[in-house]
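In what follows, a single structure is set out as C-alpha cells and then discussed.
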Amino acid sequence: MKRICIFPIFLLLSCSAIASDADRKDLLEMARYFTILHTDTAIWHRSTEHFGAYPALEQFRKWEEAADPEIIWHLTKDANPRVRTLALIAAFDLRNPGDLPRFVPFLQDQAKAFPEDLGRFNSIGHPNSPDYKPELKSQSVSDFARAMLGTYLEAASIYKEINKETFDEYWAVRRDREYCLSWFLADMKWASKVMTPNRDGTNVAIQEVRKEIDQLANPVERDWTILALTTGIGFHSGSELLASELDRLAALKRLGPDRISDLFSGNVDWDDPDVILTEEGRRTFPYAAVVNFVLQHAAEVFTAEDFPKMLEWKSEHQQREERNIYPRFPSVRWTIAASDLRPERARNLLLKGLEEIPYNAKSTSIQDERTYLVMALWKHEGEAALKEVVDWFYGETPNPNAFGFGRHRFCDWMGSEKYLNLIVKIFEDKRITTLGFSSLGYLVRASNKAAGKEIIPHIELNQAENDFGRSLTRGGPPAPELLPDDWEKRRSATLLDWVSRFQ
C-alpha cells in the first residue's frame with residue numbers, strides 16, 4: 001500500500017494508461033450479474049449471498065487483484081456508469097490515500113449505478129428465500145464515491161456532509177504527509193472488514209497493516225500508533241491480530257513514564273492532524289482507551305514514588321470533568337493504579353474509593369466503576385477482604401434493564417480456578433436466595449468455568465431460567481400475582497440443590 005501519490009489537480013483527472021478491450025469486456029460482463037450491490041459490500045467486502053451476485057463478486061475480486069492500477073483508473077472514466085462504479089471500487093481497494101483527490105469529481109456523477117436492497121435484513125423474508133421480494137432503491141456513482149471518501153473522513157472523526165468543500169478542508173492538512181493515524185485506522189477497518197477476524201483472509205490483511213506501521217521511521221509515533229489502534233474497547237475488530245498484549249506492553253514501556261505523564265496532562269508529542277486531544281468529538285486517537293490501558297499497567301511504567309502524582313492526576317481529571325475540559329478520563333482506574341504502586345495502602349484506598357462513588361441501581365457505569373474497585377480489592381487483599389467482597393456482591397442489584405454490568409461483570413471475572421473459593425463462599429451465603437435468575441445464571445456459568453466442569457449443566461441452567469422466567473426475575477423476584485402457586489417453592493428448591501452441589 002503506497003502512502004504518497006500526489007499529483008496536481010489538473011493532472012488527477014487524466015490518465016495515460018489505455019484499458020484493454022478485454023478488461024472493459026470483463027467488467028461489462030460482471031456488471032450484468034450484479035442485480036444489487038450495496039456500498040458496504042463494495043467497501044468492506046462482505047461477500048455473502050445476502051448482497052446478490054455472489055459468484056460475480058468473487059470474480060470481480062480476482063479481476064481487481066490482477067489489474068494494472070492505471071488501467072483501473074482509466075476505466076473509472078468509462079461511458080458505462082456500472083463499469084465506472086466497479087472500477088472505482090477496484091481503485092478504492094488499491095488502498096492509496098494519495099489517490100483520494102481522484103475520487104472527488106465522482107461526487108457529482110449522478111448516473112445510475114447498481115441498486116441496493118432496502119429489505120435485505122428484513123426479518124419477515126430472508127433474502128435467500130424463494131418468496132423473498134427485494135425492495136430496490138436506485139444508487140448513483142456518486143453514492144459509491146461518497147461512501148468511499150466517507151471511510152477516510154469518518155476515520156478522521158469528520159462527520160460533515162461529504163462534498164468537495166469538506167474534502168478540501170480534510171486534505172489541506174494531510175496532502176503532504178506520508179502517513180497519519182486515520183489512514184491506518186481506515187486500513188484496519190478495511191482489513192478486518194468491520195467484522196470478526198479470521199475470515200476471508202483478514203489475518204493476512206491485518207498483518208500487512210502491521211508491517212506498514214513497523215516501517216515508520218519515528219519509533220515514538222510507531223508505539224503511539226499501536227496503542228491507539230489496539231486499546232479502544234469496540235474500536236474495531238482485529239486488534240489482537242495487529243498487536244498482542246505483550247506487544248502493547250512493550251510499546252508502553254518504550255514510551256516511558258515521561259511521555260505517559262505528558263499524555264495524562266493532555267499532551268502527545270505528535271504532529272499528526274488526527275491526534276487532537278482538546279476537542280469533543282475527535283476520537284481518532286482514543287484518549288480514554290489509551291489512558292485506561294496505561295493505568296491498568298501503571299506498575300510496569302511508574303514506581304511507588306509516583307503514588308502521590310497518580311492521585312493528583314485523578315483529581316485533575318475529575319476537575320476537567322466538572323469543568324467540561326478535554327481531554328479527560330475521570331475514573332476509579334486512577335485509584336486502582338495508585339493502589340498498584342503502593343499495595344500496602346490498597347485496602348484503605350480502595351474502600352475509600354467505594355465510599356466516594358455511592359451505588360446507583362440505574363447507572364451501569366457507576367456499577368462497573370464500583371466493580372473494578374472490588375476486583376482490585378480482592379487482587380490485593382484476597383481472603384482478607386472476603387466479608388467486604390461478599391457483602392458488596394449481595395448489596396448491589398444490577399440494573400433490571402441491562403445485562404453484563406456490575407455484579408454480572410464480576411461473575412464473568414470470577415470464571416477462573418483461582419476464584420473458586422470466593423465463588424463457594426458466595427454460594428454458601430444465605431442471601432443466595434435473593435438473587436434473580438439473571439445474576440444466578442452469571443454466577444453459575446462462572447462457577448462451571450472455575451471448577452473446570454459443569455457442576456450445573458448448561459441445559460439445566462437454561463431450563464431453570466425458562467421455568468422461573470428470566471424476563472421476570474432480572475433484578476429480583478417478580479410480583480407474586482404474576483407467578484404460579486408453586487413458583488417460589490420450586491425456585492427455592494432449585495437454589496438449595498445448586499448450593500449443595502457446590503458445598
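Some notes on this structure:
- Of the residues in the stretch 337-354, at least one is over 29 Å from the mean Cα position of the chain (by Cα), of a type outside the set (Ser, Thr, Tyr) and not in a helix (DSSP H, G or I).
- Output for the stretch 59-115, where each listed residue is in contact with a Ser or Thr (Cβ under 8 Å, 6 or more places away or on another chain), in a helix (DSSP H, G or I) and not charged (D, E, K, R): ILE71, PRO81, ALA87, LEU88, ALA91, PHE106, LEU107, GLN108
- Residue within the stretch 274-288 that is under 22 Å from GLY406 (Cβ atoms), at pLDDT below 95 and either hydroxyl-bearing (Ser, Thr, Tyr) or in a helix (DSSP H, G or I) (or both) present: yes
- Test: residue in the stretch 350-359 that is under 17 Å from ASN292 (Cβ atoms), modelled with pLDDT of 95 or more and in contact with a Gly (Cβ under 7 Å, 6 or more places away or on another chain): no
- The condition (being free of Cβ contacts under 8 Å to residues at least 60 places away in the same chain, among the charged types (D, E, K, R) and either outside any helix (DSSP H, G or I) or over 16 Å from TRP498 (Cβ atoms) (or both)) is satisfied by just one residue among LYS418, LYS425: LYS418.
The values are calculated or read from the model by the stated rules, or taken from the named source; none is laboratory data. Here the structure is a predicted model, which is why all the values come from computation and not from measurement. All Cβ positions, glycine included, derive from the backbone under ideal geometry; neighbour counts span all protein chains shown.
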